Structures are given as C-alpha cells and as structure tokens.
Amino acid sequence: MPAFSLSLPVAQSDTVPQFSNGYLPVPSSRAGMWKALRILLLISTVLTVLLNPGSLTDAKRLAITFAITLAYSGGLWFANGFAVDWLDRRIKWAERPLRRLLLTLAVSMGGSVLVILLIQAVFLVSMGESLRLLWRPQMYGQVLVPLAITLIISLFNHSRSFFVNWREAAVRVERLEKETAVARLDSLRRQVDPHFLFNSLNALTSLVEENDPARAVRFIRQLSQVYRYVLDSESQELVPLADEVKFAESYLYLQKTRLGDALAVEMNLPPAALAGFYVPPLALQLLLENVIKHNTAFQADPLRVSVGLDPTAQALTVRNTLRPRRLAPGESSGLGLKNLAARYAFLTNRPLVVQQEQGEFVVSLPLLLL
C-alpha cells in the first residue's frame, strides 16, 4: 500500500459546462462585471427604444426612460439570478422537478415584485413624492407590466435551466455507468485473479493433506460464497452494508486460513448498527485485499487490521499497520482506490478519504442511505 497521505475529493465533471441558473451566470470577477454591464446597457437601450420611441426627440425624457429601464433590467436580472442560484444549491431540477418549479416561480415572482416596488420607491423619493403613491391603483399597471415581462423571460430561462441541468444529470449517469462498468470488470478480474485462486487452492490442499475434512468443507463453502457474491453483485450499484460485511467475513476466512496467525483482524461491527446503510459492492473487500497485498505479515509480528463503524458520521473505517512490501511488476495496477473514489463521486458529495495516522494506513468509506 502506498506510503503517503491522499485525500480523494468528489470528482467534478470537466466535460459539461456548469450553469448556476437559467440566466446569464452571476458575474464573480471584474471581467464578468464589465461583460454583464455591457449586456445590461444593450438590453436597456433596446427596451428604451421599443417602449418609449417618443423619447428619442427629448434628451431629458430619453435619459429618464433609459435610467428607469436600466434599473429594472439590472434589478430584475440580479434578483432572479441570485434567487435561482440559491435554489440550485438546495433543490435540484432532476431530483424534485415539480417542487423546484413551484418554488422557482414563487421566488422569482416574489423577488421581482420587491425589486419593482423598491425601484419605484427610489424614483418617488428622488422626485420628492410620497411613498404612499406606491399603493395607488394607478401604480398597479406599472407593477404588472414589468412583472408580466419578467414572468415570460423567467419561464424561458428557467426552462433552459431545467434542460441544462437535465442534460448534466444524463451525462453524469452515463459516466457513472461507464465508471461502474470499469470498476465491476476490475473487481471481477481481481477476484478471479490467478494469484487469489492459486493461493486459495494451495490452502485447500493443505487442509486435505492435514486430514481436516471439516475445515476443508467449510473452506470450500466460503470460497463458493465469495464467488457467488461477486457474480450476484456485478449488476448492482449499491448493496446493503450487512451483505458486504458478510461477504468480507467469508473473504477474510479464506485469507486467515492461508496466513494463519500472521493476520489479525478485528471487526467492530454490531449487526444492529449495519441496518439501513449501503456501499458500492466489493468496496470493503477491496480495502481488505489492498491491506494484505501491500503489507508484510509474519507469524511473530502479525499484520493487524481493524474495521470500525461510526453511525453518527456514517462512515466505515479500515485501519492497518503500515508495513509496505515490494510488489512484483504487474501484481498491482494501482487503480483500485481510484476506481472506488470515482464510483463514490457519482453517488455522493462525501469523498473517500485515504490518509496515514501514526504508522497506520486509514481509509474511510462514506456510508449511503436510500
């Protein structure tokens, strides 16, 4: 096992453009601000000409109309942009489309009304008028017209946002299927690896030669369970943690029979605490296999491994004494943890964490809930 500390964060797609919402992205840099300003000036100019063409012959009237249009355009754009960006971080279109649509309309309309009233209040105050004019019936039309325009633009932009997010979700699912297929193939290849099967058959031969039929029969049954689990879980994205632990126990029994006292494993996993948690298939076994493959083990100085569960943190942790051994060329591809981290990246925002702690190699698997 590599003798270094590594944290594997959630992978982000570098092939799909990221949009915060259906509007133009909220600018986060000086260049973005200048670009946004140019777009707003262009929009305001066009709307000024379309909505009040008579102002073209009156400079003062033109300036006032342009200022009002610019205020509305900028205020409604940023209000809706930040509101939808805030919703994007909490409710995804692909997860709850109906709820997201209703909340988007409510937030968009509510924010737009507040912006319109605020802008009108500012202009009333600047002209020395009373704010009571905001509640006159004549003002309703001044609110409804920009609100109707906002509604039309919002529906268009939010529809675009929905389809963009839907496309991103489809691409992520496709990548997940590809990564999972690669990981499954790698896991299956690793399980039927000639070294594993060769070592298992050697251990079985020793049991037969020692005239220990009871242990030989149990060994055969455990070996059968290992391969059956690999085949049964090949088409699944997640398996119950209890099933994965049971499979890991069968795998460890085979390794323990082969290595004897050179391998000391402590599994602090109360059965009741396993309920409700899920992991990618063969995730725990991969970590245990890495421990045995990458570290030396002696009868006088056993390789110690502990597997613990933290229900509060929803994490399964595998620790082992760090005693790296030199591997033969081709014995390890070095892709096991990377493939596992890639699978987790498409299943959860919580990363697979790999690190060293006081002479121990520690890997924490996030536990998933359905």
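The values are calculated or read from the model by the stated rules, or taken from the named source; none is laboratory data. These figures come from a predicted structure and were not determined experimentally. Cβ: placed from backbone, ideal geometry, glycine included. Neighbour counts: every protein chain shown. The area values use the complete protein model at the heavy-atom level, side chains included, leaving out ligands, DNA and RNA. Shrake-Rupley method; radii C 1.70, N 1.55, O 1.52, S 1.80 Å.
Quick notes on this structure:
- Residue in region 266-305 that is nearest to VAL230 (Cα to Cα), counting only those that are touching a Ser or Thr at 6+ places or on another chain (Cβ under 8 Å) and open to solvent by 30 Å² or more (accessible area, probe 1.4 Å): LYS293
- A search for C-beta distances below 6 Å between a residue of region 230-251 that is among the acidic types (Asp, Glu) and any residue that is at pLDDT 90 or above, counting only pairs 6+ apart in sequence or on different chains, returns GLU244/VAL279; GLU244/LEU284.
- When ASP261 is tested against (1) more than 16 Å from VAL305 (Cα to Cα); (2) open to solvent by 80 Å² or more (accessible area, probe 1.4 Å); (3) more than 26 Å from the chain's Cα centre (by Cα), only condition (1) is not met.
- For region 89-100, filtered to residues that are at pLDDT 75 or above and in a helix (DSSP H, G or I), the residue that is least open to solvent (accessible area, probe 1.4 Å) is ARG100.
- Against the list (1) at pLDDT below 75; (2) farther than 26 Å from TYR227 by Cβ, the condition VAL171 fails is (1).
- Check on LEU347, in a loop (DSSP other than H, G, I, E, B), modelled with pLDDT under 90 and in contact with a His (Cβ under 9 Å, 6 or more places away or on another chain): no
- Within region 124-143, if we keep just the residues that are hydrophobic (A, V, I, L, M, F, W, C), more than 13 Å from LEU76 (Cβ to Cβ) and open to solvent by less than 60 Å² (accessible area, probe 1.4 Å), the residue that is modelled with the highest pLDDT turns out to be LEU124.
The rows are residues; the columns are (1) under 27 Å from PRO280 (Cα atoms); (2) at pLDDT below 80.
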site: VAL145; (1), (2): no, yes
site: ARG167; (1), (2): yes, yes
site: ARG215; (1), (2): no, no
site: ARG228; (1), (2): yes, no
site: GLU244; (1), (2): yes, no
